[in-house]
Amino acid sequence: MDPSAPLLFFDSGVGGLSVLGPTRELLPNAPIVYAADSAGFPYGKRTEEELAVRVPELLARLVARFRPRLAVIACNTASTIALDHARAALEIPVVGTVPAIKPAAELSRSRVIGVLGTEATVRQPYVDDLAARFASDCTVIRHGSPELVELAEAKLAGEPISIESIHDAIAPMVRQPDGEKMDVMVLACTHFPLLADEIATAFPSIAQVDGGTGIARRIAYLTGGQEWPARPTGKAVFTSPPADALRGALSRFGLDEVHQL
Ligand code: DGL
């Protein structure tokens, strides 16, 4: 394995940074290419048919261009819809992001858990399957919130975020039957851990779980024994002109070069 071969992270926007963060902690010298399909954003509003074609095609272009050793679909929406298609289209290992329903069910005492994702993610049979396998004795309340995706993008662009807006975006989930008993919520969209502090302030009695740390461990396992360069490098590529306002946040995640694909 060429030590300079990067890890490719893929999302519709900045959400995948919540997966890159824990990965950087485990693999500090890994070269990173972070790809955001900003021209296709937001994925949560797209159809299954669109994403099942768009995601593998784009990943194949990125793999041809950057020759990564492994690709991470750091997006629940793309993973729950297109992970199998992407694996079939690529010859490198592909790590997906699936809603952390299992750890949420392990943590819940009230046996009422929430799955907070995009509208596209929460309607996936993949989620039904995880709920049936790992949370069959729980009430699993689902809510899709495009507002929270936009709020996470705005926060990383340096805009002020009000706790009230976070509260209003999540309140419909808590208002569903049995919602008042919910003690754990799954952040089933990679944008949402970027708002973890604001969500905790708005809903202090509900614990949050997400897949970021588990995915980082999986990447470390799959690349175990491989060589890395002496120093970390990172670049971000966007499928539409990159917003200057995001450069500060990208650089905090070690993504100092920013390009349009
Ligand atoms: N970050 C993405 C996810 O994990 C999708 C956000 C969007 O583009 O709607 O689902």
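Things worth noting here:
- One residue from V53, V95 being closer than 24 Å to A135 by Cβ, among the hydrophobic types (A, V, I, L, M, F, W, C) and more than 11 Å from the ligand (Cβ to nearest atom): V95
- Once the stretch 114-154 is narrowed to residues that are closer than 19 Å to E180 by Cα, away from the ligand (no atom under 16 Å from the Cβ) and not acidic (D, E), the residue that is surrounded by the most Cβ atoms within 10 Å (Cβ to Cβ) is V140.
- Residues of the stretch 28-50 that are part of a loop (DSSP other than H, G, I, E, B), within 13 Å of the ligand (Cβ to nearest atom) and either touching a His at 6+ places or on another chain (Cβ under 8 Å) or open to solvent by 10 Å² or more (accessible area, probe 1.4 Å) (or both): S38, A39, F41, P42, R46, T47.
- Hits in the stretch 84-111 - residues which are buried (at least 20 other Cβ atoms within 10 Å of the Cβ) and either in contact with a Lys or Arg (Cβ under 7 Å, 6 or more places away or on another chain) or part of a helix (DSSP H, G or I) (or both): A86, V94, V95, I101, A104, A105
- Conditions (1) part of a helix (DSSP H, G or I); (2) hydrophobic (A, V, I, L, M, F, W, C); (3) touching a helix residue (DSSP H, G or I) at 6+ places or on another chain (Cβ under 7 Å); (4) in contact (Cβ under 8 Å) with a residue 40 or more places away in the chain; number of the one not met by L130: (4)
- Taking every residue in the stretch 9-20 that is under 16 Å from S145 (Cβ atoms) and open to solvent by 10 Å² or more (accessible area, probe 1.4 Å) and pairing it with any residue that is in a loop (DSSP other than H, G, I, E, B) and near the ligand (Cβ under 8 Å from one of its atoms), at least 6 positions away or on another chain, the pairs with Cβ-Cβ distances below 9 Å are S18/A74; S18/T190; S18/H191.
The values are calculated or read from the model by the stated rules, or taken from the named source; none is laboratory data. The structure displayed is predicted, hence computed values, not measured ones. Backbone-built Cβ (ideal geometry, glycine too); neighbour counts: all protein chains shown. The area values use the complete protein model at the heavy-atom level, side chains included, leaving out ligands, DNA and RNA. Shrake-Rupley method; radii C 1.70, N 1.55, O 1.52, S 1.80 Å.
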